[in-house]
Amino acid sequence: MKKIISEIGMSLIKLEQKWNDSHSFLIKETEGEQHDYFLQAFDASDTKLLLEASIIKKGNCLALITFSINEAKEASSLPQSPFGGLWSMGKIESESLLGFIEFVTSSLRNLGISKISIIQAPSSYEKCSALFTYLLFKSNFQLEKVLSHQLMKSKKLIKKWVESHYPKLNKKAKENAYNVKMGNIQSFSFLDEIASWKEDRGHMPHKDLDRLILQVSNFPERYFVITIIHEGKSVAHALAVKLTQDVLYYFYSAINPKNQLNLTGKLLIANLIKLAYEQKVSLLDFGSSEVNELINHKLMFFKSNYAEAYENRETWVKVLSHE
């Protein structure tokens, strides 16, 4: 196969390979298809081309992965998003999935791609994650980064926590002059306060607020903000996003360093769990506990009072040779 991309975006791309009597592999430019993970086809700032690789079984998509191609001809799934990686819609045999990885790797190499990076979601998001990352390892991908996520993993557990703990905590909040606002985002002013509070603590604010604002503007029903108010002033904000219809992700938050009351953090988490209950999700992802790429053990311990499990988000990388 000749290299098709001499200049990214100049050619219409569609590559196919028949695997067996019922399965085939396909790479094509994305056409704006909607996916339950709504960030699947959301362009990064340096995206020059979006490619979708899929496993097709009897005319139906069995699994897919979207790659963002940048100017340097690097393929990433996905940059500037919580993760990308493989999403499956049915049972996939290991041999077929390994063949798919080989097809994707050879096709991207022949398209002139220099490097592949895959940020795979934790296993609770995607049932094939563990098998997929095992097969990436066997295909000479290198593990570049691991982030530990803490999770609450069932509607039953979320409901039980809200019914058992929230009324008592809410009563204590009112007794101590606390109020809570929670709902879809109406204004972005809270982002300035989060950035200011993070800087006061020596933490890095979000790297790309413009992209975040664009995502919220395009998908307003997916984003929620929780604001904790103490004695009439906002003292904490948390941004949560419904990454899929069944997953709420604790994405971005900060507490005013001048408000060190233990109740503030508890109310932030309690209302996040309440939001998960109201949104009827089966998975609440408290995210990672790193600050400036260092483990925040205190934050991890605090989340462990609510989360029931640890799972990893892994970044796998392969540099492609062009001999």
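By how many degrees, between 0 and 90 and to the nearest 10, does the Cα long axis of helix 209-218 differ from the longest principal axis of the chain? With both axes taken from Cα atoms, the answer is about 80 degrees. Loop-located trypsin sites (Lys or Arg not before Pro) in region 228-323 (DSSP state other than H, G, I, E, B) with a sparse environment of at most 10 neighbouring Cβ atoms within 10 Å: Lys258.
Projecting the Cα atoms of Asn170, Phe103, Ile185 onto the dipole axis of region 51-208, where Lys and Arg carry +1 and Asp and Glu carry -1 at the beta carbon, places Asn170 farthest toward the positive end.
Classify region 35-155 as rounded, prolate or oblate, taking a ≥ b ≥ c as the square roots of the eigenvalues of its Cα gyration tensor: rounded when a/c is under 1.5, otherwise prolate if a/b is larger than b/c and oblate if not. The shape class here is rounded.
Looking at the chain, the DSSP beta bridges with both ends there are about 90 percent antiparallel.
Placing unit charges on the Cβ atoms only, positive for Lys and Arg and negative for Asp and Glu, gives the chain a dipole magnitude near 1100 debye about its Cα centre.
With θ taken as phi - 60° and the Karplus curve 6.51 cos²θ - 1.76 cosθ + 1.60 applied, the whole-hertz 3J(HN,Hα) list for region 83-95 is 5, x, x, 7, 10, 10, 10, x, 6, 10, 6, 4, 5 Hz, x standing for glycine and proline. Residue by residue, region 69-81 carries 3J(HN,Hα) couplings of 9, 9, 4, 7, 6, 9, 9, 9, 10, 10, x, 6, 9 Hz when phi is fed to the Karplus relation 6.51 cos²θ - 1.76 cosθ + 1.60 (θ = phi - 60°); x denotes Gly or Pro. Summarising the strand pairing of region 62-124, around 45 percent of its internal DSSP beta bridges are antiparallel. Measuring against 20 Å, Cα to Cα, the residue pairs Lys207/Lys280; Lys171/Lys274; Lys174/Lys266; Lys153/Lys303; Lys174/Lys298; Lys198/Lys298 contain Lys207/Lys280; Lys174/Lys298 as the ones spanning a longer distance. With the biggest extent put first, the Cα atoms of the chain measure 70, 37, 32 Å across the principal axes. Given +1 at the Cβ of Lys and Arg, -1 at the Cβ of Asp and Glu and no other charges, the dipole of region 233-323 around its Cα centre is 560 debye to the nearest 20. Computed from backbone phi with θ = phi - 60° and the Karplus coefficients 6.51, -1.76 and 1.60, the 3J(HN,Hα) list for region 172-188 is 5, 4, 5, 5, 10, 6, 9, 9, 10, 10, 8, x, 5, 6, 9, 8, 9 Hz; x is used for glycine and proline. Across the options Ala195, Leu263, Met89, the greatest Cα extent toward the positive end of the charge dipole of the chain (unit charges at beta carbon of Lys, Arg, Asp, Glu) belongs to Leu263. Of all the C-alpha pairs in region 144-218, what % are more than 14 Å from each other? Considering region 144-218, 78 percent of its Cα-Cα pairs are separated by more than 14 Å.
Only the coordinates and a few stated rules stand behind these numbers; no lab work does. As the structure is a computational prediction, the values presented were derived from the model and not from experiment. Neighbour counts are summed over all protein chains in view; Cβ atoms, including those assigned to glycine, are modelled from backbone coordinates with ideal geometry.
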